Number of protein chains: 2
Amino acid sequence: MTEPIDPTTTLLGLRASIDNIDAALTYMLAERFRCTKQVGELKALHGMPASDPSREERQIARLKSLALDADLDPEFAEKWFNFVVAEVIRHHTAAADGAAS
Amino acid sequence: MTEPIDPTTTLLGLRASIDNIDAALTYMLAERFRCTKQVGELKALHGMPASDPSREERQIARLKSLALDADLDPEFAEKWFNFVVAEVIRHHTAAADGAAS
């Protein structure tokens, strides 16, 4: 008979996975903000409209579909997207204020 | 002289990167919730305390340090972490209610 695995050992293993995933998420988020910063600069430079509601609608629909495939709550995927977009808008507003002052 | 790149082409390229990153984020988030679900089940099964404030403090400090390295606003990293943890707690509460009913 094999020894049962100590729950604390199992917990530590899961926490190690969570820590790795959180590091990956942090670096991917940083890269996402690098991209949206460039989008903001490009739009400002060429007088393109700052927001694009139809693009956002397509993004949300796509993310909800990906979430379903990944067994993630699609409503959470949408909440998450809105949370990140709010931060992008905060960055763009701060950048515009900086450029105007 | 080379032709200047059309801003719309540049925008579409950046959006393609953002879409790829969002897909990666969605799947990593799904995997994170798979892990935290297992943590919740393990803790419930073995009567381990549901929350661990010192673990959370260490996680936030680590994420802020990773954020600095990635050139991501550390305050945003902390907000993001709290946003995800709130969802984890919502899942655990829902699971406990389901188990109790």
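First compute the accessible area of the protein assembly as shown with a 1.4 Å probe, then give the percent of it belonging to carbon and sulfur atoms. Result for the protein assembly as shown: 59 percent of the exposed heavy-atom area is carbon or sulfur. If the reach is capped at under 13 angstrom between alpha carbons, list the aspartates and glutamates near residue A:43, excluding any in the same chain fewer than eight residues apart. Straight-distance partners of residue A:43: A:52, B:6.
Rounded to the nearest 100 Å², what is the buried accessible area between B and A, both sides summed, probe 1.4 Å? Working shown, then result.
Details: alone 8530 and 8500 Å², together 12060 Å².
Using a 1.4 Å probe on protein heavy atoms, the buried area is about 5000 Å².
Provide a list, ordered by number, of residues in the range B:23-57 showing at least 40 Å² less accessible area with every protein chain present than when their chain is taken on its own, using a 1.4 Å probe. By number: B:25, B:26, B:27, B:28, B:29, B:30, B:32, B:35, B:39, B:42, B:48, B:55.
Here the Debye sum runs over all C-alpha atoms of the range A:10-101 as equal scatterers in vacuum, and log10 of I(q)/I(0) at q = 0.15, 0.19, 0.23 Å⁻¹ comes out as -0.74, -1.03, -1.26. Go ahead and collect, in residue order, the members of the range A:2-42 whose backbone nitrogen is under 19 Å from a label point 7 Å along the Cα-Cβ direction of residue B:45. The answer is A:2-18, whose backbone nitrogens lie closer than 19 Å to the label point. When the inverse distances between all different Cα atoms of the protein assembly as shown are averaged and flipped, the Kirkwood radius reads 19.0 angstrom.
The values are calculated or read from the model by the stated rules, or taken from the named source; none is laboratory data. Quick caveat, the model's predicted, so the values are computed rather than measured. Quick reminder, even Gly has a Cβ in these numbers, built from the backbone with ideal geometry, and neighbours come from all protein chains shown. What goes into the accessible areas is simple: the full protein's heavy atoms, side chains included, and nothing from ligands, DNA or RNA. Shrake-Rupley method; radii C 1.70, N 1.55, O 1.52, S 1.80 Å.
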